[in-house]
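Notes for the one structure printed next.
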Amino acid sequence: MELSKLPFDLKEYRLESERSTFLDIGSGFGKPNFHAAMQVYPKESIGIEIVPARVNYTMDQKFEFERLYLQKEKKEIRLE
């Protein structure tokens, strides 16, 4: 089953499984990175966002995720 299409046919990227690096400059929410990672299994799939508002939003989400994860981890440690 093929996932949503990347901007070009996947063969045009010439990615090699476990050897290539997929790099997306201006990656937005990173959907092409996930598609490349799930269809080709490259060594790396890197997305770099350049719009400051999107970078800030992503950093806020990252910090919130870390906060929630650490809270959950502390609760699990107390239960042991």
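Read-outs throughout are calculated quantities, based only on the coordinates presented, and are distinct from any laboratory measurement. Owing to the predicted nature of the structure, the values given are computational and were not obtained by experimental measurement. For neighbour counting, all protein chains shown are included, and Cβ atoms are generated from backbone atoms with ideal geometry for every residue, glycine included.
Count of segment 9-23 residues, restricted to those that are closer than 11 Å to Glu44 by Cβ and either more than 17 Å from the chain's Cα centre (by Cα) or of a type in the set (A, V, I, L, M) (or both), is 3. Any residue at all in segment 36-50 that's touching a Gly at 6+ places or on another chain (Cβ under 8 Å) and either aromatic (Phe, Trp, Tyr) or surrounded by fewer than 11 Cβ atoms within 10 Å (Cβ to Cβ) (or both)? Checked against the condition, which is being touching a Gly at 6+ places or on another chain (Cβ under 8 Å) and either aromatic (Phe, Trp, Tyr) or surrounded by fewer than 11 Cβ atoms within 10 Å (Cβ to Cβ) (or both), segment 36-50 yields at least one hit. What pairs come out if I take residues in segment 10-27 that are surrounded by 11 or more Cβ atoms within 10 Å (Cβ to Cβ) and pair them with residues that are of a type in the set (Phe, Trp, Tyr) whose C-beta lies under 7 Å away, six or more apart or interchain? Between residues of segment 10-27 that are surrounded by 11 or more Cβ atoms within 10 Å (Cβ to Cβ) and residues that are of a type in the set (Phe, Trp, Tyr), the close pairs are Leu15/Phe22. For segment 22-44, which positions are part of a strand (DSSP E or B) and either of a type in the set (Val, Ile, Thr) or closer than 13 Å to Pro7 by Cβ (or both)? Result: Phe22, Asp24, Ile25.
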